[in-house]
Structure formats: structure tokens, C-alpha cells
Amino acid sequence: QVLIVDTGSQMMSFPCSPCRNCGEHASDFFDPRFSHTGKEISCKNGCQLGGKCSSRFNKCVFGQEYAEGSSWLAYEQRDLVWLGSEDHEESYDEHMDLAIPFVFGCQYSETGLFQDQYADGIMGMALHESTFIS
């Protein structure tokens, strides 16, 4: 996924399939059903990113709103995450051994600039225990 680095926020999130209100971006939506290493964070496991349990979906859901009016809604998902290049095969071959289990947001709705941007999502890099750099 192609992500915007944001030093003013702490969450990582990007569109996951299905995403009804998400725009077209650089990459296909992430589909957790095809991940062999992923795990959805259910309510019984306890929400980890400050999300609230949605009894309707039995998922931990959360969102973020930004000053200019954009927002997104997501559910918590755990999977292996690593930083790589735009070449997917190269990234997998050369960087997969650096992957860490990480909880991020699987977006199911976007508004404003998030629908129109090239990047798939956002990687919060603020100094906080829930960021990727921590």
C-alpha cells in the first residue's frame, strides 16, 4: 500500500475490501480474506487502538477526522507490516524478513481528500506507543 506519512497523527489505515465509500487509489484495496498472516481484532479480544466494539459487526471500529474536513472509518486488523519499495515482488523478497505484527485500520469509509488522493492511506508517525516506529 502507498501511504502518506503524517507526523501529526498516530494511526495507520488504508482501504480494505469491501470499501463502499472509498475512492480509487494507487493500489488495489487490501483484502484481509487473502492474507495468511492476518487476524481481525474481534470485540472479545479487546479493542487495541482506542476503537469501540460494534456489536452489529463484532469488530473494533474507530475513525479519524482532520482539520480540513476529511475523515475515515475503519476496523482493527492485525497483520505483518513492513516498509518496502513500489516494486511489490522486490519488497516481498528483500523486506519480508523485517516484517512485524502490527495493528492497523482497515478502512470501510472515506470522505473528503481521502477519496481523491493518489495514496491509499495514511501512516501516522507521531511519537505514540501505537505508531509503527514504536
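Between residue 91 and residue 67, what is the label-point separation in nm under the 7 Å Cα-to-beta-carbon projection?
In this crude spin-label approximation the distance works out to 2.9 nm.
Pull up the cross-link candidates among the aspartates and glutamates for residue 44, meaning alpha carbon to alpha carbon under 20 Å and not fewer than 8 places away within one chain.
76, 79
With a probe of 1.4 Å, find how much accessible area the chain has per residue, and write the answer as a whole number in Å².
Values: 8090 Å² over 134 residues.
With the other protein chains kept in place, the chain gives 60 Å² per residue.
Tell me the carbon and sulfur percent of the accessible area for the stretch 3-134, rounded to whole percent, probe radius 1.4 Å. Numbers along the way, then the final one.
Values: 4010 of 7940 Å².
Exposed carbon and sulfur together represent 50 percent of the surface.
Would you list 57, 34 from the most to the least accessible area, probe 1.4 Å? Don't jump to the answer; show the numbers that get you there.
Values: 57 110, 34 155 Å².
From most exposed to least exposed: 34, 57.
Select one label from (1) 13, 44, 37, 6, 0; (2) 11, 35, 36, 16, 2; (3) 10, 32, 26, 15, 13, 3, 0: the one whose number is P(r) over Cα pairs in 10 Å bins from 0, in percent as derived from the coordinates shown.
(1)
The values are calculated or read from the model by the stated rules, or taken from the named source; none is laboratory data. Keep in mind that this is a model prediction, so the values were computed, not measured. Note: ideal-geometry Cβ built from the backbone for every residue, glycine included; neighbour counts use all protein chains shown. Calculation scope for accessible area: heavy atoms of the full protein, side chains included, ligands and nucleic acids excluded. Shrake-Rupley method; radii C 1.70, N 1.55, O 1.52, S 1.80 Å.
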